[in-house]
Amino acid sequence: MTSAAPPSAAAPAPPADAAGPQVPAEPTVVPARHYWRWAAGAAVLVVAAQFAHGLLTNPAWEWEVFFRYLTADSVLRAVWVTLQLTVYGTALGFALGLVVALMRLSSSPLLSGVAWLYVWAFRSIPLIVQLLFWFNLAYLYEELGIGIPFGPVVWSFGTMHLVGAMSAAVIGLALHQAAYAAEILRGGFLAVEPGQLEAAAALGIPRLRQLRRIVLPQAMRSVLPNAANEIVSLFKGTSIVSVMAIGELFYQVQVIYGRNGRVVPLLMVATVWYIVLTTLLSIVQYYVERHFARGADRTPPPTPLQRARTFARALLSSSHPLTPLREKR
């Protein structure tokens, strides 16, 4: 048997380009034009410029009075008193807050209940009421003593001159701060993975070392932002002790403008000092957070100071380019 060859069904091949395959032209990239974003930015700049112009040209601000009292001795002493109240309240408050947080996390229902009652009570009562209670301690208890519970007193002392205005302010601020610090620290402790403590216990690491080397370094990353907020709030909240005639910043400013009637520039003096000191606290917070973030991020991003230094070096190198070496013949 013979068979005829099938007719060729293949399509004729396209003629090959002598210059090779054609490369499709790349599409033109058109950057997005954010007209509304530019308009909003321009509006913000105009409002900011208008506000700055009003600050500089409005005579009601009385900038000459402001600069006269900004660094006055009485104001600087008041700033120092404000810083003392903040430091004492923060140190004592967080020390007591750590104890209360550990009691709250304890497996003992008695200790946990007492800690919960403390937090509930001191967060419920307004700070100004607590301060006035401590300031009038001598009215409530004329004497305090040490002895057998519900029995004879071995040693007692009067309270008339024991708690002054400054002591009452420090005690009130510290006890009030401890209630909030305890909850912040408890939240940080609960954020640590429990399996790490179980592994540490299996390795025979003592509980105190577990707390110091495992729990605290990790808990600090979640504790620090909230703790910094509390410190800043306490710093500004020290103005409430003015009800006890303590010469802190806001009270001193009130005294001065009560004498000369220059309310606005004296309030600006207090405002500027609060802004400056809060800015310093924020800088300290940034570097402390950066320190404790090293456990999670081995290569943290550069600080603003490092970025500014890198930018300055790049600017200098671009303005003075290096002369290339001549090629040796």
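Within the range 74-110, if we keep just the residues that are outside any helix (DSSP H, G or I) and without any contact (Cβ under 8 Å) to a residue 60 or more places away in the chain, the residue that is farthest from the chain's Cα centre (by Cα) turns out to be Ser108. Which members of the range 177-205 meet the condition of being charged (D, E, K, R) and surrounded by 15 or more Cβ atoms within 10 Å (Cβ to Cβ)? Matches in the range 177-205: Glu183, Arg186. The set of residues from the range 121-144 being touching a Phe, Trp or Tyr at 6+ places or on another chain (Cβ under 8 Å) and open to solvent by less than 70 Å² (accessible area, probe 1.4 Å) comprises Gln130, Leu144.
Does at least one position in the range 134-156 carry a residue that is without any contact (Cβ under 8 Å) to a residue 12 or more places away in the chain and closer than 25 Å to Thr82 by Cβ?
Initial filter on the range 134-156 (without any contact (Cβ under 8 Å) to a residue 12 or more places away in the chain): 136, 139-140, 146-155.
With the extra rule that they be closer than 25 Å to Thr82 by Cβ, the set shrinks to 136.
Looking for residues that are without any contact (Cβ under 8 Å) to a residue 12 or more places away in the chain and closer than 25 Å to Thr82 by Cβ, one finds at least one in the range 134-156, hence yes.
Only one of these is in a helix (DSSP H, G or I) and of a type in the set (Gly, Ala, Ser): Ala25, Ala39. Name it.
On the way: Ala25 fails: in a helix (DSSP H, G or I).
Only one candidate qualifies: Ala39.
Could you list, in sequence order, all residues of the range 43-64 that are of a type in the set (Gly, Ala, Ser) and either assigned to a loop (DSSP other than H, G, I, E, B) or touching a residue at least 60 places away in the same chain (Cβ under 8 Å) (or both)? Step through it out loud before you land on a result.
Restricting attention to the range 43-64, the residues satisfying the condition of being of a type in the set (Gly, Ala, Ser) are 43, 48-49, 52, 54, 60.
The answer is Ala60, and nothing else.
Evaluate the range 58-68: report whether one residue or more is touching a helix residue (DSSP H, G or I) at 6+ places or on another chain (Cβ under 8 Å), surrounded by fewer than 18 Cβ atoms within 10 Å (Cβ to Cβ) and on the phi > 0 side of the Ramachandran plot. Yes: the range 58-68 contains one or more residues that are touching a helix residue (DSSP H, G or I) at 6+ places or on another chain (Cβ under 8 Å), surrounded by fewer than 18 Cβ atoms within 10 Å (Cβ to Cβ) and on the phi > 0 side of the Ramachandran plot.
Is it the case that Val241 is open to solvent by less than 20 Å² (accessible area, probe 1.4 Å) and part of a helix (DSSP H, G or I)?
Numbers: open to solvent by less than 20 Å² (accessible area, probe 1.4 Å): yes; part of a helix (DSSP H, G or I): yes.
Against the criterion (open to solvent by less than 20 Å² (accessible area, probe 1.4 Å) and part of a helix (DSSP H, G or I)), Val241 qualifies.
Of all residues in the range 206-236, exactly one satisfies the criterion of being small (Gly, Ala, Ser) and surrounded by fewer than 15 Cβ atoms within 10 Å (Cβ to Cβ), namely Ser233. Scanning the range 244-263 for residues that are in a helix (DSSP H, G or I) and not hydrophobic (A, V, I, L, M, F, W, C), we see that the one that is most open to solvent (accessible area, probe 1.4 Å) is Arg259.
The values are calculated or read from the model by the stated rules, or taken from the named source; none is laboratory data. Small disclaimer: the values here were computed from a predicted structure and weren't measured. With ideal geometry, Cβ positions are generated from the backbone for all residues, glycine too; neighbour counts draw on all protein chains shown. All accessible areas refer to the heavy atoms of the entire protein, side chains included, with ligands and DNA or RNA removed. Shrake-Rupley method; radii C 1.70, N 1.55, O 1.52, S 1.80 Å.
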